[in-house]
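The values are calculated or read from the model by the stated rules, or taken from the named source; none is laboratory data. Not measured: the values here are computed from a predicted model. Reconstructed Cβ throughout: ideal geometry from the backbone, glycine too, with neighbour counts over all protein chains shown. Note: accessible area is taken over every heavy atom of the protein model, side chains too, but ligands, DNA and RNA are not part of it. Shrake-Rupley method; radii C 1.70, N 1.55, O 1.52, S 1.80 Å.
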Amino acid sequence: MQPIASLARSLHSGAIAPDDILREAALALAVADSGPDPIHPFIQSNLTERSFIRATGALAGIPIAVKDNIATVDFPTTCGSRILEGYTSPFDATAVKRLRAAGAVIVGKTNLDEFGMGSSTEYSVFGVTRNPHDRSRVPGGSSGGSAAAVAAGIVPAALGSETGGSVRQPAAFCGVVGLRPTYGRVSRSGLIAFASSLDQVGVLARTVADAALVQSVVAGHDQRDSTSSRRQLPEFDGDGDLDGTVIGVPGEYFPDHLDPGVRSLCRAALRRMEACGATIREVSLPHTRLAITAYHVIAGAEASSNLARFDGVRYGASAIDPPTPGDLYELTRARFGPEVKRRILLGTHLLSHGHGSAHYQRAQKARALVSLDFDYVFASGVDAIFTPTTPAPAFRIGEHIGDPASMYGSDEFTVPASLAGVPALSLPIGFRDGLPVGGQLICGRWEEARLMRIAAGLETALL
Ligand code: GLN
């Protein structure tokens, strides 16, 4: 599947019709799902030919996949969970509404770790998604289905969601671009809540320009989300430029346990940036080591509160004929999978009487320190921070199951930007033993245009 810009050109000139693109997508999906180890990017999809009423808009006729924790009226929204089995939303998420208004064709709902909780897409009740570059490995998560759908050439772009890295980490594992916008840039209306102070809709695409285009369509204020910003949308013309930029490189993101192949690809990327006129400057983000723990306290606490709404009364599945209301809750909520239960239990414990100040408040303080680290670096004249996206390339299916702490470790470089609410992007910087490796760029709040310009510059420099 070609990037959106060239598909749009071909559609405009009449060289291809929207149905041709859908046929190509269907063929790519058939290839992806063939054989004994199907990639299985979708929970539900519809790639059949349609009657195209809208021929205008920035994404006219472009097929887009949507992570299955983002509400759509024409597909069920399951969150990869048995508790939402058979649930179809009565409304589209704002991001989806805006895609449709721009002429995009929503072709399916992609697989994810249950409620976005995970880093491998192994915690979906609908089975694993496999990495298109090596089917014995995970695609990352929780937006693993969206990353795999783009990497397998089924769609040029997909929506994912980010709480602590769920767009950037799978993008790195699958060799595609993944963008997490500034917190508040995109409406969360219709994105099923995991941890509301961290959740954002993000984009996965093949190129920086495509990610920027889809982002510009879904972003902007929405009266249905009071945390969505009224700020002007950033202008990005698609051109990359590194000349005169200052790129900060934090030592904390190059620890001893960093995979040597990832380290050398990062070094090579930095040399390319320098050759294009960037100045590389060592910086420090000293509170990085607090980020994973603070994140799991805050995300767990918020998740335990947000997921209380799945009680058998309001949404989705409900226990049949429970003897008492207590049984209704218990039998219904027993449908949550192991990782979701772990987070609800942790969060409930942390918020219970007497624990609040010990854990939650301290985690909030740590979050503030992590955030200030970024503020100091950007205030010192650094345009963007460059780091590896993950400590190592995609791991094997089953490698971290049963060891939550080691699974959480794969997010160590993505979680800090999430806590700080700053925009960050992962882009492919090469391969280690046939597996894609991602580099991460992080900018200050609301600086998406700068982020895109620098990322596009690096993307070109690496060609
Ligand atoms: N992998 C992280 C977690 O398990 C982040 C998930 C996300 O960003 N949705 O919480």
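In the stretch 393-441, what residues are within 19 Å of T129 (Cβ to Cβ) and among the aliphatic types (A, V, I, L, M)?
A394, I397, I401, M407, L435
Got at least one residue in the stretch 33-52 being part of a loop (DSSP other than H, G, I, E, B), hydrophobic (A, V, I, L, M, F, W, C) and surrounded by fewer than 20 Cβ atoms within 10 Å (Cβ to Cβ)?
Yes, the stretch 33-52 contains at least one residue that is part of a loop (DSSP other than H, G, I, E, B), hydrophobic (A, V, I, L, M, F, W, C) and surrounded by fewer than 20 Cβ atoms within 10 Å (Cβ to Cβ).
For the stretch 323-334, what are the residues that are within 29 Å of F75 (Cβ to Cβ) and either open to solvent by less than 40 Å² (accessible area, probe 1.4 Å) or in a helix (DSSP H, G or I) (or both)?
The answer is L328, Y329, L331, T332, R333.
Restricting attention to the stretch 357-408, which residues are within 16 Å of the ligand (Cβ to nearest atom), in a helix (DSSP H, G or I) and either in contact with an Asp or Glu (Cβ under 8 Å, 6 or more places away or on another chain) or open to solvent by 30 Å² or more (accessible area, probe 1.4 Å) (or both)?
Hits for the stretch 357-408 are R367, P404, A405, S406, Y408.
Of all residues in the stretch 197-245, which are within 15 Å of the chain's Cα centre (by Cα), assigned to a loop (DSSP other than H, G, I, E, B) and within 18 Å of T163 (Cα to Cα)?
L198, D199
Which is in contact with an Asp or Glu (Cβ under 9 Å, 6 or more places away or on another chain), free of Cβ contacts under 8 Å to residues at least 60 places away in the same chain and either within 29 Å of E49 (Cα to Cα) or assigned to a loop (DSSP other than H, G, I, E, B) (or both), of G118, G141, G145?
Being in contact with an Asp or Glu (Cβ under 9 Å, 6 or more places away or on another chain), free of Cβ contacts under 8 Å to residues at least 60 places away in the same chain and either within 29 Å of E49 (Cα to Cα) or assigned to a loop (DSSP other than H, G, I, E, B) (or both) holds for just one of G118, G141, G145, which is G141.
Being open to solvent by 10 Å² or more (accessible area, probe 1.4 Å), away from the ligand (no atom under 13 Å from the Cβ), in a loop (DSSP other than H, G, I, E, B) and of a type in the set (D, E): is that true of E412 here?
Considered against the rule, which asks whether it is open to solvent by 10 Å² or more (accessible area, probe 1.4 Å), away from the ligand (no atom under 13 Å from the Cβ), in a loop (DSSP other than H, G, I, E, B) and of a type in the set (D, E), E412 comes out as no.
Taking S304 as meeting all but one of (1) open to solvent by less than 70 Å² (accessible area, probe 1.4 Å); (2) farther than 19 Å from L198 by Cα; (3) assigned to a helix (DSSP H, G or I), write down the number of the exception.
Just one mismatch for S304, condition (2).
Looking at the stretch 67-115, which of its residues are among the hydrophobic types (A, V, I, L, M, F, W, C) and not in a loop (DSSP other than H, G, I, E, B)?
Listed by number, the residues that qualify are I70, I83, L84, A95, V96, L99, A101, V105, I106, V107, F115.
Filter the stretch 159-196 down to the residues that are assigned to a loop (DSSP other than H, G, I, E, B) and within 11 Å of the chain's Cα centre (by Cα), then identify the one that is nearest to A294 (Cα to Cα).
G164
Only one residue in G140, G116 is small (G, A, S), under 13 Å from the mean Cα position of the chain (by Cα) and within 26 Å of D433 (Cβ to Cβ), so which one is that?
So the residue among G140, G116 that is small (G, A, S), under 13 Å from the mean Cα position of the chain (by Cα) and within 26 Å of D433 (Cβ to Cβ) is G140.
Looking at the structure I just gave you, is F75 away from the ligand (no atom under 16 Å from the Cβ), aromatic (F, W, Y), open to solvent by 30 Å² or more (accessible area, probe 1.4 Å) and modelled with pLDDT of 95 or more?
Spelling it out, it is not the case that F75 is away from the ligand (no atom under 16 Å from the Cβ), aromatic (F, W, Y), open to solvent by 30 Å² or more (accessible area, probe 1.4 Å) and modelled with pLDDT of 95 or more.
Could you check how many residues of the stretch 88-146 are within 30 Å of T56 (Cβ to Cβ), of a type in the set (S, T, N, Q) and within 14 Å of the ligand (Cβ to nearest atom)?
3
Across the stretch 151-167, what is the total count of residues that are farther than 24 Å from D19 by Cβ and among the aliphatic types (A, V, I, L, M)?
Count: 1.
Given L290, L285, which one is hydrophobic (A, V, I, L, M, F, W, C), surrounded by 17 or more Cβ atoms within 10 Å (Cβ to Cβ) and assigned to a helix (DSSP H, G or I)?
Going through L290, L285 in turn, the sole match is L290.
Return the residue satisfying two criteria in turn: it lies in the stretch 292-345 and is under 21 Å from L112 (Cβ atoms) and among the acidic types (D, E), and of such residues it is nearest to the ligand (Cβ to nearest atom).
My answer is E339.
Any residue in the stretch 283-298 that is more than 11 Å from S418 (Cβ to Cβ) and in contact (Cβ under 8 Å) with a residue 40 or more places away in the chain sitting within a Cβ distance under 6 Å of a residue that is in a helix (DSSP H, G or I) and open to solvent by 50 Å² or more (accessible area, probe 1.4 Å)? List the pairs, counting only those 6 or more apart or interchain.
Pairs found: L285/E252; H287/L369; T288/E252; V297/H359.
Take A319 and decide whether it is in contact with an Asp or Glu (Cβ under 8 Å, 6 or more places away or on another chain) and without any contact (Cβ under 8 Å) to a residue 40 or more places away in the chain.
When the stated conditions are applied, A319 passes them.
Which ones in the stretch 17-32 are open to solvent by less than 50 Å² (accessible area, probe 1.4 Å) and β-branched (V, I, T)?
I21
Out of D113, D92, D134, which single residue is under 25 Å from E24 (Cβ atoms) and either out of contact with any strand residue (DSSP E or B) (no Cβ under 9 Å at 6 or more places or on another chain) or at pLDDT 95 or above (or both)?
Selected residue: D134, the only one of D113, D92, D134 that is under 25 Å from E24 (Cβ atoms) and either out of contact with any strand residue (DSSP E or B) (no Cβ under 9 Å at 6 or more places or on another chain) or at pLDDT 95 or above (or both).
Just to be sure before I move on: is P428 of a type outside the set (S, T, N, Q) and away from the ligand (no atom under 16 Å from the Cβ) in the structure I sent?
yes
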